[in-house]
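Some notes on the structure that comes next.
The values are calculated or read from the model by the stated rules, or taken from the named source; none is laboratory data. Every value quoted in this text rests on a predicted model; they were computed, and no experiment measured them. A quick note on method: Cβ atoms are made from the backbone with ideal geometry, for glycine too, and the neighbour counts reach across all protein chains shown. Accessible surface is based on the protein model in full, side chains and every heavy atom, while ligands, DNA and RNA are left aside. Shrake-Rupley method; radii C 1.70, N 1.55, O 1.52, S 1.80 Å.
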Amino acid sequence: MSFRTIDVDALDEEQLAQEELFVYSDGIEIDPQEALNNVQTKSIEVRNLLTKNNPENALITAINDPPYGLNTTAAKELNAKIVMEVLNSIKATDILPLIKKLSIEQQDILMKYIYRGMAFSGKASDKPKTGASPPPPEPFNSAVLLNWHEKLTEIAGVGCIVRVITDRKTV
Amino acid sequence: MSQTEIRQFNFGPITTHAFNKDRTQVAICPNNNEVQIHQRTAGGWSLIHTLVEHDKLVTSIDWAVESNQIVTCSQDRNAYVWNFDQTNGKWKPTLVLLRFNRAATFVRWSPNETKFAVASGARCIAVCYFDEVNDWWNSKHLKKPIRSTVLSLDWHSNNILLAAGCADFKARVFSAYIKGVDQRPAPTPWGDKLPFNTVCGEFSNGGGGWIHSVAFLPSGDALAITGHDSQITIIYPGQESYAIKTNNLPFLSLLWVNENQLIAAGYDCVPILFERQNDQSWEFSKILDASSKKKNINESSTAFNRFRDLDARGISSRSGSDETELKTIHQNTITSLRPYNGTPGDISHFSSSGLDGRLVIWNFQSLESQFKGLKV
C-alpha cells in the first residue's frame, strides 16, 4: 500500500500552488517588515484609545487593515495580541451593542481573530490560577473568546463563520 | 397549478434533473450511473425509460428542449448525446469525444442548441459541436487560464459567451465561438472581438472558496457568482460590482427570475430571493419557503407518523418523526435550481432538487403574492 503515500500531483507540471490561490487585495505582496511597522504603530494607537476609555474605537482600529499575506507571521502575531487585549478589556454587557455597530466586513475580520485566538489558546501553563484575587486579564482567554463568538454569531450568522473558514486571507 | 409540488423520486440524493419542453417528462439521476426519465401521469409520475450507458456517477444532465436531445456527462470522463428513436421508442446514445483525463462535472446546451459545453476536473472545458462530415460530436478545449476543476457553467444568451465557476476561487467568462457553427456576434459589454478562448473577464470573490455557481443576467449584461464563502457577487463588466455577504450557509445554485430578482439555494435547504433595490444595491429579500416559518404542525399525530414511517420506510423513529425532520420542504441541501415555466427573464415557476431525493416545483408568482404583506 506504500504507493498510496506517493504524491502523484508533484509530478504534474501544472500543479496549483498555495501562493497562486492567495488573493492579494491590490495584486502585490506587502513587505513583512513594513507590515510589522504598521502593526506597531497601530498598537500604540490602540493602547492610547484604551487608556482614554474608548473601547469601541480601539476595537475598530485594532481589526482594521489586518496584515494579510503569506510572509507576515510576525505582524500577524502582534496584531492578534492587540485584538485579544481589546477583547479582554471590554465588558461582557457591552459586547452586543458594539458588534451591532460594526460593518459586515469588520464583523468578518473580528470573527477571524476570534478563531485565531481559539486556535492559540488553551495551553495548560496559560490557565489562570483560581484563588482569592481575580486572575489578571491575559491574552487568548477562551472563555472571553467564546462569549464574543456567541454574540457575533447571533448578529452575523453562520455565513460569517463560513467566510472565515474559506478565506485565504488569514490573520 | 398554484401550489408547490413535491415529489420524492429517490430515497438517496437526486444528483441533477432536467425537464423536457412541455414539462411532461423529467430526467433525473438517482445518484448512480443511470439516468431515469419519468413521465407525468394523472396520479403523479411513472418511470418510462432508464438510460444506462455511463459506468460511473452521472454528474449532470441537460435537455435541449427544441431539438429534443439529452446530453449527460459522468465521472467516467464521457458524455453522451441521446436522441429519441421513434421507431422502437428508445433513447439512442452517441458518444462525444471529450478527450478528458478527469471526471466530467457539468454540462449545458447553448441557448440555440447547436453546441454544448462540458466542464471537467481536467482543468478544462470542452465546447462540443456536431461535425457533419464525420457524423459525430467533436470538441474544442478551453484551457487557459483555468487552474482547477470547473464546477459550473452558464451560457450567455448570444450563444457565444460562456461563464465558468471554478475550484481555484475564480469565475471566468470565455468566448466559445466556433467557426462554421456560429454567426459573428454583436458587441456586448464583455467585449466585441471574440475568437475562441478569449478570456473576457476573470473574477474573484475577494477571499477564497470554490465558485459553486455562475449565472448570466437574462440580458447577459451582468454575471452573478456564488462561492463557498456564503457570498453572492453580481458583476457588471467595466462597472461596479455588488457583493452580498449573507448570514446563510453557502449556496450551490443560482437562478435569475428576471433582471431584478435572483434566487439562490444551497446548504440551507431553502430557496432565497435577492432583489435589486432602486436600481442600486442588491439585498436579501426573503426566504421562499413558507413552511420554514411554521412551527410543528403535526405535534398531536406523532403516533400516526411513527406507524406511517414503519409502513412506508420500514424504520421506526424513536420519538416521532418531527425531531429528525426539518421544517423546510427540502430535507437536505439543494444542489440544483432550474427554470420550469416562463421565458428567460420572466420565470413564473422553478424547480429544485437536492440531496434529499425530492424534486420540488415552486410557483414563484404565488409565493411572491403570498409574501407581499410580510415584507419588512
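Is there any pair linking a residue in the stretch B:54-77 that is crowded, with 20+ Cβ neighbours inside 10 Å to one that is of a type in the set (Lys, Arg), with Cβ under 6 Å and at least six apart or on different chains, and which?
Hits for this filter: B:Asp62/B:Arg108; B:Ser74/B:Lys56.
For the stretch B:221-241, enumerate the residues that are open to solvent by 40 Å² or more (accessible area, probe 1.4 Å) and within 14 Å of another protein chain (Cβ to nearest Cβ). It would help to see each step written out before you state the result.
So in the stretch B:221-241, the residues open to solvent by 40 Å² or more (accessible area, probe 1.4 Å) come out as B:221, B:228, B:238-241.
Answer for the stretch B:221-241, where residues must be open to solvent by 40 Å² or more (accessible area, probe 1.4 Å) and within 14 Å of another protein chain (Cβ to nearest Cβ): just B:His228.
Looking only at the stretch B:152-173, count every residue that is more than 14 Å from chain A (Cβ to nearest Cβ) and of a type in the set (A, V, I, L, M, F, W, C) and tell me the total.
8
Scan the stretch B:271-281 for residues that are within 14 Å of chain A (Cβ to nearest Cβ) and crowded, with 20+ Cβ neighbours inside 10 Å and jot them down.
Taking the stretch B:271-281 and keeping what is within 14 Å of chain A (Cβ to nearest Cβ), we get B:272, B:274, B:281.
Matches in the stretch B:271-281: B:Ile272, B:Phe274.
Does at least one position in the stretch A:58-67 carry a residue that is outside any helix (DSSP H, G or I) and touching a Pro at 6+ places or on another chain (Cβ under 9 Å)?
Quick first cut of the stretch A:58-67, residues outside any helix (DSSP H, G or I) only: A:64-67.
In the following step, the residues that additionally are touching a Pro at 6+ places or on another chain (Cβ under 9 Å) were identified as A:67.
For the stretch A:58-67, residues outside any helix (DSSP H, G or I) and touching a Pro at 6+ places or on another chain (Cβ under 9 Å): present.
Listed residues A:Lys42, A:Lys112, A:Lys101; which is under 11 Å from the mean Cα position of the chain (by Cα) and not hydroxyl-bearing (Ser, Thr, Tyr)?
On the way: A:Lys42 fails: under 11 Å from the mean Cα position of the chain (by Cα); A:Lys101 fails: under 11 Å from the mean Cα position of the chain (by Cα).
Answer to the check: A:Lys112.
Could you list, in sequence order, the residues of the stretch B:220-245 that are without any contact (Cβ under 8 Å) to a residue 40 or more places away in the chain, outside any strand (DSSP E or B) and at negative phi?
Across the stretch B:220-245, the qualifying residues are B:Asp221, B:Ala222, B:His228, B:Asp229, B:Gln239, B:Glu240.
Identify the single condition in (1) closer than 23 Å to B:Tyr236 by Cβ; (2) surrounded by fewer than 22 Cβ atoms within 10 Å (Cβ to Cβ) that B:Ser152 does not satisfy, given that it satisfies every other one.
Only one criterion is unmet by B:Ser152, namely (2).
Can you tell me which residue within the stretch B:139-183, out of those that are among the hydroxyl-bearing types (Ser, Thr, Tyr) and within 20 Å of B:Pro344 (Cβ to Cβ), is nearest to the chain's Cα centre (by Cα)? Full working, then the answer.
From the stretch B:139-183, those among the hydroxyl-bearing types (Ser, Thr, Tyr) are B:139, B:148-149, B:152, B:157, B:175, B:177; that's our starting set.
Right, trim to within 20 Å of B:Pro344 (Cβ to Cβ) and you get B:152, B:157.
Details: B:Ser152: 8, B:Ser157: 16 Å.
Once the filter is applied, the top-ranked residue is B:Ser152.
Residue-wise test of (1) farther than 25 Å from B:Pro111 by Cβ; (2) at pLDDT below 95; (3) aliphatic (A, V, I, L, M).
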residue	(1), (2), (3)
B:Asp322	yes, yes, no
B:Lys327	yes, yes, no
B:Ile334	no, no, yes
B:Arg338	no, no, no
B:Ser353	no, no, no
B:Leu367	yes, yes, yes
B:Gln370	yes, yes, no
B:Gly373	yes, yes, no
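Among the residues of the stretch B:174-193, is there at least one that is open to solvent by less than 10 Å² (accessible area, probe 1.4 Å), within 30 Å of B:Thr333 (Cα to Cα) and either away from chain A (no Cβ under 14 Å) or not basic (Lys, Arg) (or both)?
Yes: the stretch B:174-193 contains one or more residues that are open to solvent by less than 10 Å² (accessible area, probe 1.4 Å), within 30 Å of B:Thr333 (Cα to Cα) and either away from chain A (no Cβ under 14 Å) or not basic (Lys, Arg) (or both).
If I ask for residues that are at pLDDT below 75 and closer than 22 Å to A:Thr61 by Cβ, which ones from the stretch A:10-50 would you list?
A:Ser25, A:Asp26
For the stretch B:197-209, enumerate the residues that are more than 8 Å from chain A (Cβ to nearest Cβ) and not in a strand (DSSP E or B).
If we filter the stretch B:197-209 for residues that are more than 8 Å from chain A (Cβ to nearest Cβ), which is where we start, we get B:197-203, B:205.
Scanning the stretch B:197-209 gives B:Asn197, B:Thr198, B:Asn205.
Restrict the check to the stretch B:246-267 and report whether at least one residue is more than 11 Å from every other protein chain (Cβ to nearest Cβ), without any contact (Cβ under 8 Å) to a residue 40 or more places away in the chain, open to solvent by 30 Å² or more (accessible area, probe 1.4 Å) and assigned to a loop (DSSP other than H, G, I, E, B).
Yes, the stretch B:246-267 has at least one match.
Counting just the residues of the stretch A:66-99 that are more than 18 Å from A:Asn53 (Cα to Cα) and within 14 Å of chain B (Cβ to nearest Cβ), which one comes out most open to solvent (accessible area, probe 1.4 Å)?
Keep residues of the stretch A:66-99 that are more than 18 Å from A:Asn53 (Cα to Cα), which gives A:66-81.
Still in the running and within 14 Å of chain B (Cβ to nearest Cβ): A:66, A:68-70.
Numbers: A:Pro66: 13, A:Tyr68: 52, A:Gly69: 3, A:Leu70: 74 Å².
Here the residue is A:Leu70.
Under 6 Å by Cβ, and 6 or more places apart or on different chains, what pairs join a residue from the stretch A:151-171 that is more than 7 Å from chain B (Cβ to nearest Cβ) with one that is among the β-branched types (Val, Ile, Thr)?
That search, which allows pairs on different chains as well, returns A:Lys151/A:Ile95; A:Lys151/A:Ile99; A:Leu152/A:Ile99; A:Ile155/A:Ile99.
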